[in-house]
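For reference, the structure discussed in these notes is given below.
A short reminder: the numbers here are calculations on the coordinates, not readings from a lab. Since this is a predicted model, take the numbers as computed values, not measurements. Quick reminder, even Gly has a Cβ in these numbers, built from the backbone with ideal geometry, and neighbours come from all protein chains shown.
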């Protein structure tokens, strides 16, 4: 499992991550009126594969697109570092915070890529 640090201070940020040997850009934006992060995934060349996915704890991000062309074969997940599994608020997503972003490869999930 890969663990990613994220920018928990800014409401809008992009982060390049390597998943299964391929670089992807994750674009996060926080919607204050909904108290929720949304994330999009794309290529470093600027091609967006999925946009506007809400971020919840313990629910794989982009799950309905797994297996689609260009998508990673594993699962991006947000884990709560305690009993509170509500969606991460601004400042609560990242290493040392209430919630952490992680990636499980297809092999770790017990699936075939």
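So, of the residues in the range 52-67 that are free of Cβ contacts under 8 Å to residues at least 24 places away in the same chain and under 22 Å from residue 90 (Cα atoms), which turns out to be nearest to the chain's Cα centre (by Cα)?
Applying the first criterion (free of Cβ contacts under 8 Å to residues at least 24 places away in the same chain) to the range 52-67 yields 52-53, 59-67.
Checking which are under 22 Å from residue 90 (Cα atoms) leaves us with 52-53, 59-62.
Working: 52: 11, 53: 9, 59: 10, 60: 8, 61: 6, 62: 8 Å.
Filtering the range 52-67 for residues that are free of Cβ contacts under 8 Å to residues at least 24 places away in the same chain and under 22 Å from residue 90 (Cα atoms), the one nearest to the chain's Cα centre (by Cα) comes out as 61.
For residues in the range 68-98 being exposed (fewer than 12 other Cβ atoms within 10 Å of the Cβ) and either without any contact (Cβ under 8 Å) to a residue 12 or more places away in the chain or under 15 Å from residue 39 (Cα atoms) (or both), which is farthest from the chain's Cα centre (by Cα)?
Once the filter is applied, the top-ranked residue is 83.
Pull up the range 29-51, narrow it to residues that are under 11 Å from the mean Cα position of the chain (by Cα) and without any contact (Cβ under 8 Å) to a residue 40 or more places away in the chain, then point me to the one that is nearest to residue 108 (Cα to Cα).
Quick first cut of the range 29-51, residues under 11 Å from the mean Cα position of the chain (by Cα) only: 37-41.
Remaining after also requiring without any contact (Cβ under 8 Å) to a residue 40 or more places away in the chain: 38-41.
Details: 38: 25, 39: 23, 40: 23, 41: 21 Å.
Across the range 29-51, the extreme among qualifying residues is 41.
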